[in-house]
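Beneath this line is the structure, given in structure tokens, with notes to follow.
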Amino acid sequence: MGAMTVDRADGRSANQLRPLACSRNILHRAHGSARWSQGDTIVLAAVYGPKAGTKKGENPEKASIEVIWKPKTGQIGKLEKEYEMILKRTLQSVCLMTIHPNTTTSIIVQVFGDDGALLPCAINASCAALVDAGIPLKHLAVAICCGLTEGGSVILDPTRAEEQKIQAFAYLVFPNSPLSVLPSAPSAEDDAPIENGIITSVTHGVMPVVEYFNCLERGRAACAKISEFHRRSLESQVPVVARKQTFEVLWWPHTLTAWPEFHGFACNLSEADVLTVACCCMDMPRT
């Protein structure tokens, strides 16, 4: 196990994360958006879709994820292409791909600042944007960067300067507890094996096996803190009262159909032929 005491340029301890910040719904033309920052690493993610159709080579019986990476300056290079691939595969593993078959959801990632741990920051931003867009998820993907210093110490959330000096580092992505963010998710008992697993692991440099498992342990503990931050962030930005929506319910014998935007709504009517119902998140008195 790596030593816990290490001197860092910004004064943080080995296990201390940089300040986190997240804001959602900041791009009005996107279906969902989120700005995520860890210190001076800042990423904006925008979600567009689902839109009809999939690209060639994709399974039309499932939904498709498209990731477009936009660097802060210059053209996209080999590293950014690798980030696109890793991010796409990570998001595919947490999205419910069978709910909207033959559709494509596009995630555009714009980098505003890169001071280390860029890919984990982009993963966290993308998941927050997917939640903002209402994309069905199994759970959130929570990402962290763990670094191994020349002295054998493991540090969390390294800056860009630290990444250039350390012996090796790993980008680790863990599943978030469903109940902490998604109130309608399955019970924690059903998802226990998933919560204790790992979604994505990308390493750079030479890292001994024992230190890699040390990174896994420390990274999982750090992601629990990020998950709690996710939960508080989502709670603080949920409106107190849901917007009321009005729709017609047309009655035929043994049949009920709702318009225009409600799906899966069903009840039994005994006398009325046509009803107009005002519906919101609380029970409304019937008139």
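Among the residues of the stretch 108-131, count how many are over 12 Å from residue 43 (Cα atoms) and touching a Lys or Arg at 6+ places or on another chain (Cβ under 8 Å).
The total comes to 1.
Restricting to the stretch 120-140, what's the tally of residues that are crowded, with 23+ Cβ neighbours inside 10 Å and farther than 13 Å from residue 65 by Cα?
11
Exactly one condition in (1) closer than 22 Å to residue 118 by Cα; (2) of a type outside the set (A, V, I, L, M, F, W, C); (3) surrounded by 12 or more Cβ atoms within 10 Å (Cβ to Cβ) is false for residue 62; which is it?
That leaves (1) as the condition not met.
For the stretch 85-103, name all the residues that are of a type in the set (Val, Ile, Thr) and open to solvent by 10 Å² or more (accessible area, probe 1.4 Å). Give the derivation first.
Residues of the stretch 85-103 of a type in the set (Val, Ile, Thr): 86, 90, 94, 98-99, 103.
Residues satisfying the conditions are 86, 98, 99, 103.
Looking only at the stretch 111-143, filter to residues that are among the hydrophobic types (A, V, I, L, M, F, W, C) and assigned to a loop (DSSP other than H, G, I, E, B); which one of those is modelled with the lowest pLDDT?
First, the residues of the stretch 111-143 that are among the hydrophobic types (A, V, I, L, M, F, W, C): 111-112, 117-119, 121-123, 125, 127-131, 133, 135, 137, 140-143.
From what's left, assigned to a loop (DSSP other than H, G, I, E, B): 117, 135, 140.
Details: 117: 94, 135: 91, 140: 88.
This residue is 140.
Which of the residues spanning the stretch 212-227 are of a type in the set (Gly, Ala, Ser) and closer than 8 Å to residue 174 by Cβ?
Narrowing the stretch 212-227 to residues of a type in the set (Gly, Ala, Ser): 219, 221-222, 224, 227.
Within the stretch 212-227, just 219 meets the criteria.
The values are calculated or read from the model by the stated rules, or taken from the named source; none is laboratory data. None of these values were measured; they are calculated from a predicted model. Heads up, the Cβs are rebuilt from the backbone with ideal geometry, glycines too, and the neighbour counts pull from every protein chain shown. Remember, those area values only see protein heavy atoms, side chains included, never the ligands or the DNA or RNA. Shrake-Rupley method; radii C 1.70, N 1.55, O 1.52, S 1.80 Å.
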